[in-house]
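The values are calculated or read from the model by the stated rules, or taken from the named source; none is laboratory data. Nothing here was measured: the structure is a model prediction, and the numbers come from that model. The accessibility values were calculated without ligands, DNA or RNA, using every heavy atom of the protein model including side chains. Shrake-Rupley method; radii C 1.70, N 1.55, O 1.52, S 1.80 Å.
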Amino acid sequence: MKKLIAMLLALAIVCSLAACGGTKTEPTTEPTTEPTTEATSEPTAEPTETAAANLSGTMEELVNSVITEQPVEFMGGVMPVDLTDTSEDGLWAIKNATGLDSAEMISDVAVFEPMMGSLAFSLVMVRVAEGQDAKGVAESMKQGIDPRKWICVEADDLKVAGFGDTVMLIMVSSTGSLTSQNFVDAFQRVCAAQVEGAELDFVLE
């Protein structure tokens, strides 16, 4: 019994010493250094090559713009060509208008010609299909067009010009007062009106 009392007293003393003599330890907070991520704004690389600008509007609208810039002295009209018609007549119409054997290389076309077939004049505007080379299409048009398609008259003054994805073929008779260059110049003005400082990409003679 004495041993039990002695053990209890010893335990009480130990507890009291621990309670009185214990030092309060405050938590040490080390300064937290958050990683500072400085915004490294690398200069945006300028494109080394800008895509060529294209003209807006349908080919019919662009044909009318060229005719407005360079009026003609005869009654004429814009004739639609159905590029989806793959019949014999449809392919003939495409060939007759553009000089191309099919519509594979173009996506839109408009043709302005006189109401009377005794005048040799044809202004053709085409939009080149995506992925096609405009100058290559222009060369095919120049090689394939028939300047005597009116049978009784001939267009002996022919030029093909291009800007972006648009190609214009103009052929006239040198006996008239207008030259193909008049319409190339008009096309240039139409391009410059839409795209500031624009110059034609090429002119094939």
Fill in the blank from the handout: Sorted by chain and then number, the residues having a modelled amide H within less than 5 Å of the amide H of D156, at least 5 places away or on another chain, are V172, S173, S174
Problem - Spherically averaged projected area in nm², based on the convex hull that wraps the Cα atoms of the stretch 120-173 - result: 3.4
Problem - Backbone HN-Hα couplings from phi across the stretch 129-139 [Karplus 6.51/-1.76/1.60, Hz, Gly and Pro as x] - result: 5, 4, x, 8, 8, 4, 5, x, 5, 4, 5
Completion exercise
Applied in sequence order to the stretch 63-77, the curve 6.51 cos²θ - 1.76 cosθ + 1.60 (Karplus, θ = phi - 60°) yields integer Hz couplings, x standing for Gly and Pro, of 4, 5, 5, 5, 5, 5, 5, 10, x, 10, 9, 9, 6, x, x
Exercise for the section: Starting from the Cα gyration tensor of the stretch 81-184, take the square roots of the eigenvalues, sort them a ≥ b ≥ c, and report rounded, prolate or oblate (rounded when a/c is under 1.5, otherwise prolate if a/b is larger than b/c, else oblate). Expected result: oblate
Problem - Cα centroid of the stretch 52-126 to Cα centroid of the stretch 144-163, whole Å - result: 12
Fill in the blank from the handout: The set of residues whose placed amide H lies less than 5 Å from the amide H of D108, leaving out same-chain residues fewer than 5 positions away, is R127
Fill in the blank from the handout: Non-local residues with an amide H under 5 Å from the amide H of L204, with H modelled 1.01 Å from N and Pro and chain starts lacking one, are V160, A161
Fill in the blank from the handout: Once phi for every residue in the stretch 108-121 is put through the Karplus expression 6.51 cos²θ - 1.76 cosθ + 1.60 (θ = phi - 60°), the whole-Hz ³J(HN,Hα) values, with Gly and Pro written as x, are 7, 8, 9, 10, 10, 9, x, 5, 9, x, 8, 10, 8, 7
Handout entry: Accessible-area ranking of D133, D146, largest first, probe 1.4 Å
Key = D133, D146
